[in-house]
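The block underneath contains the structure these notes are about, expressed in structure tokens.
The values are calculated or read from the model by the stated rules, or taken from the named source; none is laboratory data. Since we're looking at a predicted model, the values are computed, not measured. Backbone-built Cβ (ideal geometry, glycine too); neighbour counts: all protein chains shown.
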Amino acid sequence: MIPGFPEAQPVAGLIGGLMIGLAAAIMLLGLGRIAGVSGLAARATGLSTGGAPRGVAIAFIVGLPLGAFLVALLAGCVPATFPATGLLIIAGLIVGYGTRLGSGCTSGHGICGLSRLSPRSILATALFMGSGFATVALMRLTGMI
Amino acid sequence: MRIMIALLSGALFGAGLAISGMADPMRVRAFLDLFGAWDPTLAFVMGGAIVPMALAWMVHKRIERPFADKAFALPETRAIDGKLALGAILFGVGWGIGGLCPGPAIASLALAPGAVAPFVLAMLGGIAIHRFTTQ
């Protein structure tokens with residue numbers, strides 16, 4: 001528990017984060033590739049041609065829900081609350097387009113790139129964090145949340 | 001072998017997302033909500049993930065090739081350009097609106113398929129729009 005932040009889950013966050021970092025390390029040291037979900041999703045669905053072999057991309061993308069499913073099986077349930085469908089569709093479109101234009105998302109730039117001290121990824125992470133903060137602030141200002 | 005390693009990496013990644021609370025869009029959005037009930041959990045997840053990856057980059061420097069493939073295939077682009085900046089800014093906007101980025105969205109297909117499907121389909125639509133409007 002963190003005083004003042006009753007909702008925070010620092011321990012679960014750290015443990016989950018270590019697992020995510022280990023997963024990305026396996027991808028890097030095992031297969032020589034960045035565990036960037038947006039790029040691998042595009043590759044797995046045939047929406048990009050370069051990058052990882054298609055089989056590798058499909059296996060990684062299939063693994064994501066598989067791992068989450070195993071946790072849900074062991075833990076009983078994984079709580080989640082989703083925004084309204086309309087918002088999800090708008091958000092999905094922007095996330096899909098933006099991550100391809102910017103060559104990465106939270107995993108590729110945020111975890112793999114930051115830990116490599118890549119200037120591109122440091123800038124990208126600062127920008128998507130910044131615009132994320134601004135977007136939610138705007139939603140609060142306009143009474144959307 | 002390569003397929004099994006990719007599957008293991010994906011599964012560990014997905015399990016980490018579920019354990020860390022990042023499969024909950026409202027928790028992610030609460031991290032971005034500086035003027036609401038701010039939830040710092042995402043910072044712990046990022047911090048936790050960066051540690052093993054930073055070590056992996058050190059190992060990378062000392063080995064010729066990855067353990068299960070012929071060569072490293074890493075992004076070599078160094079250009080800091082408008083595409084990178086605009087793409088990242090747009091991604092942040094969508095991330096803020098939905099509380100979802102690609103990893104947790106795809107992992108959630110196993111947890112709340114009905115709820116997350118509209119986002120995943122729209123995300124693939126966005127990827128396709130980018131694909132067919134460039135080059």
Of the residues that make up segment B:67-80, is at least one at pLDDT 95 or above and surrounded by 21 or more Cβ atoms within 10 Å (Cβ to Cβ)? no
Determine, yes or no, whether A:Leu31 is within 24 Å of B:Glu64 (Cα to Cα), over 14 Å from the mean Cα position of the chain (by Cα) and at pLDDT 95 or above. yes
Might you let me know whether segment A:123-145 holds any residue that is under 24 Å from B:Ala128 (Cβ atoms), within 16 Å of the chain's Cα centre (by Cα) and of a type in the set (Ser, Thr, Tyr)? yes
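Looking only at segment B:95-119, which residues are assigned to a helix (DSSP H, G or I) and within 14 Å of A:Tyr97 (Cβ to Cβ)? Steps first, answer last, please.
Start the filter on segment B:95-119 by keeping residues that are assigned to a helix (DSSP H, G or I), which leaves B:95-98, B:102-110, B:113-119.
B:Trp95, B:Ile97, B:Gly98, B:Pro102, B:Phe119, listed by residue number.
Please state which one of A:Leu14, A:Leu22, A:Leu74, A:Leu87 is part of a helix (DSSP H, G or I), outside the structural domain of A:Gly132 (by TED's automatic domain parsing) and more than 17 Å from the chain's Cα centre (by Cα). Give the derivation first.
Values: A:Leu14 fails: more than 17 Å from the chain's Cα centre (by Cα); A:Leu22 fails: more than 17 Å from the chain's Cα centre (by Cα); A:Leu87 fails: outside the structural domain of A:Gly132 (by TED's automatic domain parsing).
Every option except A:Leu74 fails the conditions.
Which of the residues belonging to segment B:30-53 are over 30 Å from A:Val56 (Cβ atoms), surrounded by 21 or more Cβ atoms within 10 Å (Cβ to Cβ) and small (Gly, Ala, Ser)? Talk me through it step by step, then tell me what you get.
Taking segment B:30-53 as the starting set, the residues that turn out to be over 30 Å from A:Val56 (Cβ atoms) are B:30-41, B:43.
Applying the additional criterion that residues be surrounded by 21 or more Cβ atoms within 10 Å (Cβ to Cβ) yields B:30-33, B:39, B:41.
Of everything in segment B:30-53, just one residue is over 30 Å from A:Val56 (Cβ atoms), surrounded by 21 or more Cβ atoms within 10 Å (Cβ to Cβ) and small (Gly, Ala, Ser), namely B:Ala30.
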Filter segment A:109-145 for residues that are within 21 Å of A:Ile26 (Cα to Cα) and out of contact with any helix residue (DSSP H, G or I) (no Cβ under 6 Å at 6 or more places or on another chain) and give the result. A:Leu117, A:Ser118
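Do we have B:Gly16 as part of a helix (DSSP H, G or I), within 7 Å of chain A (Cβ to nearest Cβ) and either in contact with a helix residue (DSSP H, G or I) (Cβ under 8 Å, 6 or more places away or on another chain) or modelled with pLDDT of 95 or more (or both) here?
Numbers: part of a helix (DSSP H, G or I): yes; within 7 Å of chain A (Cβ to nearest Cβ): yes; either in contact with a helix residue (DSSP H, G or I) (Cβ under 8 Å, 6 or more places away or on another chain) or modelled with pLDDT of 95 or more (or both): yes.
Yes.
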Of the residues A:Arg120, A:Arg100, A:Arg140, only one is part of a helix (DSSP H, G or I) and touching a residue at least 24 places away in the same chain (Cβ under 8 Å); which? A:Arg100
Of the numbered conditions (1) surrounded by 23 or more Cβ atoms within 10 Å (Cβ to Cβ); (2) part of a helix (DSSP H, G or I); (3) facing chain A (nearest Cβ under 7 Å), B:Arg27 fails exactly one; give the number of that condition. (3)
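Checking the structure you have, find out if any residue of segment A:44-52 is assigned to a helix (DSSP H, G or I), touching a Phe, Trp or Tyr at 6+ places or on another chain (Cβ under 9 Å) and at the interface with another protein chain (Cβ under 7 Å from one of its Cβ atoms). Before the answer, list the steps.
Here is the first cut: in segment A:44-52, the residues assigned to a helix (DSSP H, G or I) are A:44.
From what's left, touching a Phe, Trp or Tyr at 6+ places or on another chain (Cβ under 9 Å): A:44.
Next, from what is left, pick out any that are at the interface with another protein chain (Cβ under 7 Å from one of its Cβ atoms): none.
Within segment A:44-52 (the criterion being assigned to a helix (DSSP H, G or I), touching a Phe, Trp or Tyr at 6+ places or on another chain (Cβ under 9 Å) and at the interface with another protein chain (Cβ under 7 Å from one of its Cβ atoms)), the answer is no, since none of the residues qualifies.
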